[in-house]
Each structure stands twice: as C-alpha cells, then as structure tokens.
Amino acid sequence: MTTGITRVQLVSPYALSVPGGVQTQVRAMAAELASRGVSVTVCSPGLHDEALESLGIAHVAVGRVLAVPANGSRAPVTLSSLASRTFASIAATLRDGVVHVHEPFAPVAAYGLLRAHRRPTVGTFHRGGGGPAYVAGKPIFRLLARGLDEATAVSDFAAATIAEATGIHPEVLFNGIEDAAIRAAVPHPTTAPTILFVGRHEERKGLGVLLEALKRIDLPIECWVLGRGPQTESLQRRHAADRRVVWLGAASDTEKFSRLRGADVLCVPSLGGESFGLVPLEGMAAGTAVVASDIEGYREATAGHARLVAPSDPDALALALREAIEHPATNKALKAAAEHAAHWSMAALVDRYLVRYERAAERFART
C-alpha cells in the first residue's frame with residue numbers, strides 16, 4: 001500500500017522491557033512499518049531496547065518505571081514529566097509524520113504531546129473494563145482527547161470501555177499477530193503431549209488456575225510455562241512436586257513461536273480484563289489447539305475456533321484440557337482456525353492504520 005506518510009512516532013506508556021500486549025503490538029507494528037520504508041521512532045519509559053535498534057528503529061526511552069495497579073494487573077508506567085516533555089518535543093519535529101499513541105490516557109507518556117497537539121495524532125485504546133481511575137480521571141481524559149485526530153480500539157469491548165468512560169467512540173480495528181513469523185517457526189520437539197502457557201505470572205492471567213487443573217489430569221504430559229511475574233516464585237514453590245511442569249522463564253519471540261508450533265495445546269486461562277484475544281490467535285496461527293477462558297475478548301477473537309471454559313474453574317479447565325489431549329482437533333479444524341487467525345495479521349493491521357494516518361493528517365491540516 002502506498003502512502004504519503006514517511007515518519008511515524010509510536011508511543012507506548014508501558015516499558016518495553018516488561019512483557020505485555022500493548023508492548024508486543026508496538027514492537028511488531030514498528031517492525032512492519034520499518035519494513036515498508038517508514039522512518040519509525042518508538043517512545044516508552046524504562047530501558048533502551050537494543051532489538052529495535054538492530055532493525056533500524058530509533059527507540060527513545062525516558063522515565064523511571066513504576067508498577068501501578070490497573071485493571072487487575074500492575075502497569076509498568078512512568079510518572080516522569082521529563083518523559084512527557086521529551087516525547088512531546090519529538091512529536092513537534094515530525095514533518096510529514098504522524099504520532100500514534102497506544103493507550104493514550106495511561107500515565108503519563110503521551111500527556112504532553114496530546115496537550116500540545118503539534119502533529120496529526122492517532123490513538124489506540126486497548127483496555128477492556130473500566131475502574132476507579134477512569135471515573136476520577138474523566139475531566140483530564142476529556143481534555144487530552146482534544147489532541148486525537150483519529151481514535152481506534154482493539155475490540156468492541158475496548159471501544160465500549162472508553163466510550164462509557166469518556167464519551168469517545170473509536171473505530172474498532174484489532175490487535176495484529178505476526179502470522180508469517182509464527183508459521184515459519186520450527187516446532188520445538190516434544191517427548192509427551194504438551195500444554196503451553198504464555199503470559200505474565202499474575203493472578204489475572206490465570207496460571208494458578210491452570211496449575212491446579214493439572215493436578216486433576218493424571219496423564220503423562222508436559223506443561224511448558226513461558227514468562228515471569230509477581231507470582232512466579234510462589235507458584236513454583238506450591239507446585240514443585242509436579243515434575244511435568246517446565247518453567248522456561250521469559251523468552252524471545254523466536255522461542256515463543258517455536259513453542260507455540262511444538263505444543264499440542266495452548267492454554268489461555270485468563271480470569272478477565274482481556275479486551276482482545278491476541279495469545280489465542282497466535283496459537284491458532286501456529287496450528288495449535290487452543291483452550292481458553294470464556295471471556296468477552298476471547299470469544300470475539302476466536303469466533304468458535306477454540307474450546308472455551310468458565311474462568312477460575314480448575315475442574316472445567318482440566319476436563320477441557322484432557323479432552324483436547326485425548327481427542328485432538330482434526331487437521332481440518334486446525335487449518336480453519338489458522339485461516340481465521342490470518343485475518344488478524346500485523347501486515348493487514350498496518351494497512352488499515354496507514355489509511356487512518358492519512359485521515360488524521362487531513363483532519364489535522366483543516367484545524
């Protein structure tokens with residue numbers, strides 16, 4: 001797709017060094033834009049990301065990271081006014097460029113550039129489910145919203161959340177998956193039927209529920225656990241006797257995609273607060289059977305191509321996992337799931353955003 005946009009500033013309010021859905025989107029979007037000849041600058045708090053630089057993508061990292069409770073998790077944001085000013089000053093220099101802010105109202109990375117509104121600006125809302133912060137921050141959010149020329153959301157759930165909180169009605173797009181890279185990954189070898197968990201080790205992601213479910217499955221299986229988080233050590237101690245659990249720690253995308261391709265079942269047992277089913281879609285793209293919680297974001301994304309069970313129910317999860325292992329999905333069903341997931345590729349998502357970038361530039365020019 002041809003476009004007149006030559007420069008894009010991608011802003012993440014969350015530190016890229018901490019795993020998360022927004023961070024994954026920012027990295028993958030930056031890589032896709034750069035592959036199309038767009039000059040990309042990524043801005044975020046925390047540590048500098050050498051992997052982005054290796055792709056020719058500038059990364060400006062400013063601001064000490066704080067873990068702030070948000071939506072059942074702890075968001076790695078900054079409260080640094082220096083970060084806000086720095087990112088705003090970069091936006092001001094973007095001739096023929098567009099600013100794209102993910103989760104615009106999360107503290108405080110984008111506040112300065114939204115207030116100044118010196119360049120065309122697109123905002124993407126990810127959060128599903130409101131909370132006290134949305135109520136208390138409504139006057140500030142309405143002020144910051146004036147700095148958005150285009151507003152999008154990753155799902156109907158996320159769109160409804162921000163509409164209720166602020167009155168903004170974003171256009172619904174989606175989160176993108178790295179479909180081609182997933183399909184090209186070499187499957188990791190296995191020695192037994194294997195269940196895979198990918199995610200941050202915190203209560204909302206439901207790893208504890210999965211490990212309790214494993215106690216109810218008396219089969220010679222393995223369970224690969226990717227990621228880390230505040231619950232890692234306590235869960236390792238609690239389930240140390242189960243030698244079927246393999247703790248792999250944080251992993252690169254290359255290893256994650258290889259494990260996705262090698263596993264028999266991807267388990268995504270989140271308890272709630274997920275606005276979009278990015279991880280289930282990655283599993284479907286890998287040709288792996290998916291068992292996930294029956295929550296709004298996952299229902300919307302998987303569209304009948306995954307086994308969905310009630311969240312926080314280890315008995316129901318154990319039953320679904322046993323069924324998936326003992327009665328594997330047919331090749332036809334897995335192929336249909338992979339074809340469904342391909343519609344959510346990062347390439348397709350960037351095609352759509354390039355249209356929104358042009359539209360934002362046109363609207364900004366009229367103001």
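Just so it is clear, none of the values below were taken in a lab; they were calculated from the coordinates. Predicted model, so just to flag it, every value in this text is computed and none were measured. Note that each Cβ is placed from the backbone with ideal geometry, even for glycine, and that neighbours are counted across all protein chains shown.
The H on the amide N of Gly129, modeled in the peptide plane, is under 5 Å from the matching H of Thr161, each at least 5 residues off or on a different chain. In the stretch 213-265, which trypsin sites (Lys or Arg not before Pro) fall in coil by DSSP and have 12 or fewer other Cβ atoms within 10 Å? Hits after loop and neighbour filter: Lys215, Arg243. In whole angstrom, note down how far apart the Cα centers of the stretch 213-274 and the stretch 83-107 are. Distance between centres, Cα-based: 37 Å.
Report summary: the helix-based calculation at 222 nm, which adds -39500 (n - 2.57) for every DSSP H run with n ≥ 4 and divides by the residues of the chain, gives -12000 deg cm²/dmol.
The string of couplings for the stretch 262-275 from the Karplus curve (6.51, -1.76, 1.60, θ = phi - 60°) is x, 5, 7, 9, 9, 9, 10, x, 4, 8, x, x, 9, 7 Hz, one whole number per residue in order, with x for Gly and Pro. If you plug the beta carbon distance of Ala240 and Glu326 into 1/(1 + (r/R0)^6) with R0 = 25 Å, you get a FRET efficiency near 0.40. Modelled spin-label separation between Thr93 and Arg359, with each label point placed 7 Å from Cα along the Cα-to-Cβ direction: 3.0 nm.
The orientation-averaged projected area of the convex hull spanned by the Cα atoms of the stretch 257-367 comes to 8.4 nm².
Using only the C-alpha atoms, the convex hull of the stretch 46-97 corresponds to 111 Å³ per residue. Which of the three applies to the stretch 202-294, rounded, prolate or oblate, going by the alpha-carbon gyration tensor with a ≥ b ≥ c and a/c under 1.5 meaning rounded? It is rounded, given that a/c, with a ≥ b ≥ c, falls under 1.5. Cβ-Cβ distance of Asp218 and Ser17, R₀ of 41 Å, FRET efficiency by 1/(1 + (r/R0)^6): the value works out to about 0.55. Distance between the C-alpha centres of the stretch 29-66 and the stretch 290-367: 26 Å, rounded to the whole angstrom. Label zone of Ser35 (point 7 Å out along Cα→Cβ, amide N under 17 Å): in the stretch 251-295 this covers 253-258, 282, 285-286. In the chain, the C-alpha radius of gyration followed by the widest Cα-Cα span (Dmax) gives 20.4, 66 angstrom. Between Glu53 and Ala310, full extension at 0.36 nm per residue minus the direct alpha carbon distance yields a gain of 88.3 nm.
Remark: the stretch 236-245, residue by residue, has Karplus-estimated 3J(HN,Hα) of 4, 5, 5, 10, 4, 6, 8, 6, 6, 8 Hz, where x stands for each Gly or Pro and the curve is 6.51 cos²θ - 1.76 cosθ + 1.60 at θ = phi - 60°.
Descending by average beta-carbon neighbour count within 10 Å, the peptides 283-294, 324-335, 55-66 line up as 283-294, 55-66, 324-335, the highest first. Over the C-alpha atoms of the stretch 179-342, the Rg to Rh ratio, Rh being the Kirkwood estimate, stands at 0.92. Each residue of the stretch 23-29 is assigned a 3J(HN,Hα), and the resulting list reads 4, 4, 5, 4, 4, 5, 5 Hz, derived from the Karplus form 6.51 cos²θ - 1.76 cosθ + 1.60 (θ = phi - 60°), x at Gly and Pro.
Residues whose amide H lies under 5 Å from that of Cys223, counting only those 5 or more places away or on a different chain, are Ile195, Val245, Val246; hydrogens are built 1.01 Å from N in the peptide plane.
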